[in-house]
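Heads up: the structure comes next, in structure tokens.
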Amino acid sequence: MRTPESPLRQAGLREHHLGLVARQVAAAGRPPSRAEIAAATGLTRATVSALVDELIGGNLLTEVAPVPRTGAGRPATGLALAADGPAGLGLEINVDYLAACLVDLSGTVRHRAVLPADQRPHPPELVLTRLAALAGEVLTAPQARGLPLAGAALAVPGLVTGDGLVRLAPNLGWQDVDVPAVLAADGGPLADVPLTVDNEANLAALGELHARHGEPADFVYVSGEIGIGAGIVLDGRLFRGTRGWSGELGHLAVRPDGPSCRCGARGCLEQYAGQEAILRSAGLAGQGLTATEALRQVAERAAGSEQQVRRSLTAAAGALGVVLAGVVNLLDVQTIVLGGIYAPLAPWLSPVVEAEIGRRVLTVGWSPVTVRASLLGAEAAATGAAGAVVRAVRDHPAPWLTAG
């Protein structure tokens with residue numbers, strides 16, 4: 001038997017409708033009118049008008065030039081997401097760089113900064129202090145001025161719990177690092193910012209999903225860096241697993257008796273297809289090059305048909321294809337997205353990966369698998385993190401309106 005909850009239901013209905021209207025504006029190909037939103041949602045015009053006024057008052061929507069029309073009558077005023085509305089800060093800690101970017105309510109990147117440096121020699125506290133300083137640079141950049149900050153999301157290459165504890169990041173050498181507590185104690189620009197922490201491949205996959213406007217709705221995003229992670233998107237939603245730790249693709253075994261991995265196992269995919277493995281077999285390791293410079297040389301030499309580099313990429317793609325074929329057999333997805341360092345190397349990786357999938361996937365004769373490069377490339381994790389913040393505001397604007 002239900003207990004009386006009419007006030008709660010009424011408040012919940014308002015919150016739902018606010019999100020519904022905001023999402024309609026965000027998804028529209030052109031600025032919709034109030035009447036068009038009412039027709040699309042089934043809400044009355046009076047209800048839509050009241051909701052729109054509330055969203056405008058909270059600086060989430062703005063009125064723009066009248067929507068062109070072909071019929072008689074005066075054209076209606078259009079609605080758009082407020083360009084000076086709440087912004088999201090995306091942060092990324094990777095093995096050999098730190099990154100930060102600010103995204104406005106429409107998803108446009110206002111400013112981005114990257115700090116190349118090997119993070120492995122440094123304790124987590126120092127890495128997080130440097131990340132906070134980088135975030136401060138982004139937040140004070142001219143392109144960011146005047147934008148209220150809705151929150152921040154941090155992408156980390158490891159296992160992360162729901163409260164921001166990095167349980168294990170083997171390639172960083174981190175274990176049980178309470179990221180929010182460290183940043184709060186640091187007293188820097190992130191000390192008082194609402195923060196979520198997630199796996200970098202998960203956030204990159206979300207960034208890719210929305211960059212492609214939700215199509216395809218099922219794919220596996222492969223994040224190729226020093227480590228290799230995967231973000232699994234099924235029916236337009238991120239699949240996290242029971243504890244939120246799904247997607248550790250780099251620690252699936254290619255050969256159980258293979259070389260030792262930082263995780264403690266042997267023969268993991270990272271030892272065959274990770275960034276360091278590719279550079280080593282291509283003859284570009286230990287030359288004093290930054291990762292960006294080295295990978296640029298890999299692409300240039302591959303384009304010039306240098307055989308050692310081509311063999312290196314073929315070997316990496318073969319190992320990657322073996323593992324991804326198992327993933328496709330298990331999950332029945334039709335699209336693989338190659339991200340991180342794999343995106344610019346996709347012209348040489350994709351054919352080999354597709355060939356392995358073609359040999360090993362049971363259903364490929366009836367349901368071909370597409371392998372494509374990420375639209376966002378190396379920027380996917382930080383951009384996806386910032387985008388997750390602003391989408392949370394757009395999807396559930398009521399808390400922002402109340403706080404404001």
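The values are calculated or read from the model by the stated rules, or taken from the named source; none is laboratory data. Nothing here was measured: the structure is a model prediction, and the numbers come from that model. Glycine gets a Cβ as well: all are built from the backbone with ideal geometry, and neighbour counts include every protein chain shown.
Worth pointing out:
- Candidate set from segment 372-402 (those that are without any contact (Cβ under 8 Å) to a residue 40 or more places away in the chain and of a type in the set (A, V, I, L, M, F, W, C)); member that is farthest from Ala315 (Cα to Cα): Ala378
- Candidates in segment 323-361 are the residues that are among the polar types (S, T, N, Q) and not in a helix (DSSP H, G or I); of these, the one that is farthest from Ala273 (Cα to Cα) is Gln334.
To keep it simple, each residue is scored yes or no on (1) under 20 Å from Ser281 (Cα atoms); (2) over 15 Å from the mean Cα position of the chain (by Cα); (3) of a type in the set (Gly, Ala, Ser).
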site	(1), (2), (3)
Arg311	yes, yes, no
Thr314	yes, yes, no
Val322	yes, yes, no
Val328	no, yes, no
Gln334	no, yes, no
Val337	no, no, no
Ala343	yes, no, yes
Ala378	no, no, yes
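- Taken over segment 170-193, residues that are surrounded by fewer than 15 Cβ atoms within 10 Å (Cβ to Cβ) and either at pLDDT below 95 or on the phi < 0 side of the Ramachandran plot (or both) amount to 6.
- Residues being buried (at least 23 other Cβ atoms within 10 Å of the Cβ) and over 17 Å from the mean Cα position of the chain (by Cα) - total across segment 151-167: 1
- Sole residue being assigned by TED's automatic domain parsing to the domain that holds Asn329 and closer than 25 Å to Gly107 by Cα, chosen from Val220, Val138, Val197: Val220
- Hits in segment 345-376 (condition: of a type in the set (D, E, K, R), more than 19 Å from the chain's Cα centre (by Cα) and within 30 Å of Ala291 (Cα to Cα)): Glu354, Glu356
- The combined condition, being among the basic types (Lys, Arg), more than 30 Å from Pro170 (Cβ to Cβ), at pLDDT 90 or above and surrounded by 15 or more Cβ atoms within 10 Å (Cβ to Cβ), is not fulfilled by Arg45.
- Residue, nearest to Thr161 (Cα to Cα), within segment 231-263, restricted to residues that are of a type in the set (Gly, Ala, Ser) and part of a loop (DSSP other than H, G, I, E, B): Gly244
- Hey, Thr196 among the polar types (S, T, N, Q) and closer than 30 Å to Ala403 by Cα or not: yes
- Hits in segment 86-102 (condition: over 22 Å from Arg120 (Cβ atoms) and touching a Pro at 6+ places or on another chain (Cβ under 8 Å)): Pro86, Ala87
- Of all residues assigned to segment 224-232, none qualifies as being out of contact with any Cys (no Cβ under 7 Å at 6 or more places or on another chain), within 19 Å of Val95 (Cα to Cα) and either polar (S, T, N, Q) or not assigned by TED's automatic domain parsing to the domain that holds Pro344 (or both).
- Tally of residues being surrounded by fewer than 19 Cβ atoms within 10 Å (Cβ to Cβ) and either within 17 Å of Cys101 (Cα to Cα) or in contact (Cβ under 8 Å) with a residue 24 or more places away in the chain (or both) across segment 116-126: 3
- Some residue of segment 338-356 being closer than 26 Å to Asp218 by Cα, of a type in the set (Ser, Thr, Tyr) and without any contact (Cβ under 8 Å) to a residue 60 or more places away in the chain: yes
- Looking only at residues in segment 168-205 that are among the polar types (S, T, N, Q) and either part of a helix (DSSP H, G or I) or under 22 Å from the mean Cα position of the chain (by Cα) (or both), the one that is farthest from Val222 (Cα to Cα) is Thr196.
- Selection from segment 268-278 of residues that are buried (at least 19 other Cβ atoms within 10 Å of the Cβ) and more than 20 Å from the chain's Cα centre (by Cα): Cys268, Leu269, Glu270, Gln271, Tyr272, Ala273, Ala277, Ile278
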